[in-house]
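First up is the structure itself, then whatever we jot down about it.
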Amino acid sequence: MDEKIKISLSKNTLDVLKKDCADFKIVKENGQPNMNAFINTLIVNFFEAFSASEESLHEDIKRALAVVPEYYREKVFHDVVKVFAKKSEYTDGKKDSTTFSFKPTKVSEKALLYVEHVLLQSESLSSFYRRMFLSYAQKNKTEREKIIHKENFELLQKAITRGVQVCVQLQSGVVMNNLSVYSISPAKDELFNYVLVYDNKHNVTMRLASVKTVSLLPASSNIPEENKSLFERQIACAAQYPMYNTDNEPIQVQLTEKGKKLFEKIYLYRPTPVRIEGDIYTFDCSANQLLYYFERFGESALILSPKKLGIFMRNYYYFALKKYKTIYKGNN
């Protein structure tokens, strides 16, 4: 299978695929996104789940057509399947279509042959892939990331189920040994998945997409209770922001009326308050999450406690002010 396969896709679907390729770190040696490798990986990791959903749909159609006389049933079934295929094309934006091509690799050869010779039923190869890619693109981002990094995700889940440690090599080349995996948790904004592990000294958080390989080890997983507690708080607040032993005090923030409106409007990475008393919002999240979120509020948010966080934010604005004064000295 050396020839390129051409597919007609909507611009929206193709944009999702291209962005996922970059965001999920499927790259060439020079660091540039490797779209061909991404598409082949998507097909290998998703065609079985997609064909299973197709088969389930076909079974539903057959049950619905049970009242049709047997003589016509097969023809009606194929006609209905074609209608569903066409419906997917219109859902995907037929008028906004663009031609996209990819070259099969050794990795995907078996899957591609199975699709072509087993799964195709009265439709073109291009139509099948178009529907499969649309089905993929309609899932939320955390689910799509699990599909693209299916092998590593399943190995990490297996380590959790079996209660064993793992050795992980990161995309950067760093090797981390004897890790106890606590969970694979999605960010609350459904952007990415985060792997929470204990390295026998500290809690460590990494992106699922940053993991290159996973190897299961015979040693039993061992996470102290206090570290498990930190992981639980981290998952409840925001999986992408690690919790440390120093994150042991409630954080109080005073919001102006404008600050309250900003808090309602800016949802990305927003910490969830555990208590609101007038204009005082109390949080039980990590200091890093709170600082990153509220640094956009300016004078509309004032950190009351812990004092060290208030001082940190004060210095953040102070040095920014000094720099602006240097650049715009004498200007109104």
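How many residues are over 22 Å from the mean Cα position of the chain (by Cα) and within 15 Å of Asn245 (Cα to Cα) when one looks only at the stretch 201-225?
Looking only at that region, the number is 5.
Kindly indicate which of Ser88, Ser51 is surrounded by 15 or more Cβ atoms within 10 Å (Cβ to Cβ) and at pLDDT below 60.
Working: Ser51 fails: at pLDDT below 60.
Testing whether each residue is surrounded by 15 or more Cβ atoms within 10 Å (Cβ to Cβ) and at pLDDT below 60 leaves just Ser88.
Would you pick out the residues in the stretch 186-201 that are touching a residue at least 24 places away in the same chain (Cβ under 8 Å) and either aliphatic (A, V, I, L, M) or loosely packed, with under 14 Cβ neighbours inside 10 Å (or both)?
In the first step, residues of the stretch 186-201 are kept if they are touching a residue at least 24 places away in the same chain (Cβ under 8 Å); the result is 186-198.
Ala187, Glu190, Leu191, Val195, Leu196, Val197 - these are the residues of the stretch 186-201 that are touching a residue at least 24 places away in the same chain (Cβ under 8 Å) and either aliphatic (A, V, I, L, M) or loosely packed, with under 14 Cβ neighbours inside 10 Å (or both).
Given the structure, is Arg314 part of a loop (DSSP other than H, G, I, E, B) and farther than 24 Å from Ile184 by Cβ?
Values: part of a loop (DSSP other than H, G, I, E, B): no; farther than 24 Å from Ile184 by Cβ: yes.
When the stated conditions are applied, Arg314 does not pass them.
I'd like to verify a number: residues in the stretch 179-201 that are under 18 Å from Ser229 (Cβ atoms), β-branched (Val, Ile, Thr) and either touching a helix residue (DSSP H, G or I) at 6+ places or on another chain (Cβ under 7 Å) or modelled with pLDDT under 95 (or both), how many?
Filtering the stretch 179-201 for residues under 18 Å from Ser229 (Cβ atoms) gives 180-183, 185, 194, 196-201.
Cutting the leftovers down to β-branched (Val, Ile, Thr) gives us 181, 197.
Restricting the remaining residues to those that are either touching a helix residue (DSSP H, G or I) at 6+ places or on another chain (Cβ under 7 Å) or modelled with pLDDT under 95 (or both) gives 181.
Residues that pass the stated criteria total 1.
What are the residues in the stretch 206-230 that are within 29 Å of Leu191 (Cβ to Cβ), in a strand (DSSP E or B) and not basic (Lys, Arg), if any? Steps first, answer last, please.
Of all residues in the stretch 206-230, those within 29 Å of Leu191 (Cβ to Cβ) come to 206-216, 221, 223, 226-230.
Still in the list and also in a strand (DSSP E or B): 206-207, 211-216.
Within the stretch 206-230, Met206, Val211, Thr213, Val214, Ser215, Leu216 qualify.
Of the residues Glu277, Glu264, Glu225, Glu190, only one is out of contact with any strand residue (DSSP E or B) (no Cβ under 9 Å at 6 or more places or on another chain) and closer than 22 Å to Glu143 by Cβ; which?
Details: Glu277 fails: closer than 22 Å to Glu143 by Cβ; Glu264 fails: closer than 22 Å to Glu143 by Cβ; Glu225 fails: closer than 22 Å to Glu143 by Cβ.
Going through Glu277, Glu264, Glu225, Glu190 in turn, the sole match is Glu190.
Hey, among Phe297, Phe312, which residue is touching a residue at least 12 places away in the same chain (Cβ under 8 Å) and either assigned by TED's automatic domain parsing to the domain that holds Phe231 or crowded, with 17+ Cβ neighbours inside 10 Å (or both)? Outline the logic, then answer.
Numbers: Phe312 fails: either assigned by TED's automatic domain parsing to the domain that holds Phe231 or crowded, with 17+ Cβ neighbours inside 10 Å (or both).
Of the residues listed, the single one that is touching a residue at least 12 places away in the same chain (Cβ under 8 Å) and either assigned by TED's automatic domain parsing to the domain that holds Phe231 or crowded, with 17+ Cβ neighbours inside 10 Å (or both) is Phe297.
Any chance the stretch 264-272 includes a residue that's at pLDDT 95 or above and surrounded by 13 or more Cβ atoms within 10 Å (Cβ to Cβ)?
Checking the stretch 264-272: not a single residue is at pLDDT 95 or above and surrounded by 13 or more Cβ atoms within 10 Å (Cβ to Cβ).
Taking Glu116, is it of a type in the set (Asp, Glu), more than 25 Å from the chain's Cα centre (by Cα) and under 13 Å from Asn40 (Cα atoms)? Break it down into steps so the answer makes sense when it comes.
Details: of a type in the set (Asp, Glu): yes; more than 25 Å from the chain's Cα centre (by Cα): yes; under 13 Å from Asn40 (Cα atoms): no.
In short, no.
Answer yes or no: is there a residue in the stretch 113-122 that is hydroxyl-bearing (Ser, Thr, Tyr), more than 21 Å from Asn12 (Cβ to Cβ), modelled with pLDDT under 90 and not in a helix (DSSP H, G or I). Give the derivation first.
Initial filter on the stretch 113-122 (hydroxyl-bearing (Ser, Thr, Tyr)): 114, 122.
Applying the additional criterion that residues be more than 21 Å from Asn12 (Cβ to Cβ) yields 114, 122.
From the residues that got through so far, the ones that are modelled with pLDDT under 90 too are 114, 122.
Retained after the next criterion (residues that are not in a helix (DSSP H, G or I)): 122.
Checked the stretch 113-122: at least one residue is hydroxyl-bearing (Ser, Thr, Tyr), more than 21 Å from Asn12 (Cβ to Cβ), modelled with pLDDT under 90 and not in a helix (DSSP H, G or I).
Among the residues that make up the stretch 163-182, is at least one of them within 26 Å of Ala52 (Cα to Cα) and of a type in the set (A, V, I, L, M, F, W, C)? So that I can check it myself, show each step before the final result.
First, the residues of the stretch 163-182 that are within 26 Å of Ala52 (Cα to Cα): none.
No, the stretch 163-182 has no match at all.
Answer yes or no as to whether Pro250 is of a type outside the set (A, V, I, L, M, F, W, C), free of Cβ contacts under 8 Å to residues at least 12 places away in the same chain and in contact with a Ser or Thr (Cβ under 9 Å, 6 or more places away or on another chain).
Numbers: of a type outside the set (A, V, I, L, M, F, W, C): yes; free of Cβ contacts under 8 Å to residues at least 12 places away in the same chain: no; in contact with a Ser or Thr (Cβ under 9 Å, 6 or more places away or on another chain): yes.
No, not satisfied.
So if I check each of Arg162, Arg144, which one is within 30 Å of Pro33 (Cα to Cα) and at pLDDT 95 or above? Let's see the steps before the verdict.
Working: Arg162 fails: within 30 Å of Pro33 (Cα to Cα).
Exactly one of Arg162, Arg144 is within 30 Å of Pro33 (Cα to Cα) and at pLDDT 95 or above, namely Arg144.
Scan the stretch 253-281 for residues that are in contact (Cβ under 8 Å) with a residue 24 or more places away in the chain, part of a loop (DSSP other than H, G, I, E, B) and farther than 20 Å from Ala187 by Cβ and jot them down.
Correct list: Thr256, Asp279.
The values are calculated or read from the model by the stated rules, or taken from the named source; none is laboratory data. Bear in mind the structure is a predicted one, so any value in this text is a computation, not a measurement. Positions of Cβ are backbone-derived with ideal geometry, glycine not excepted, and every protein chain shown enters the neighbour counts.
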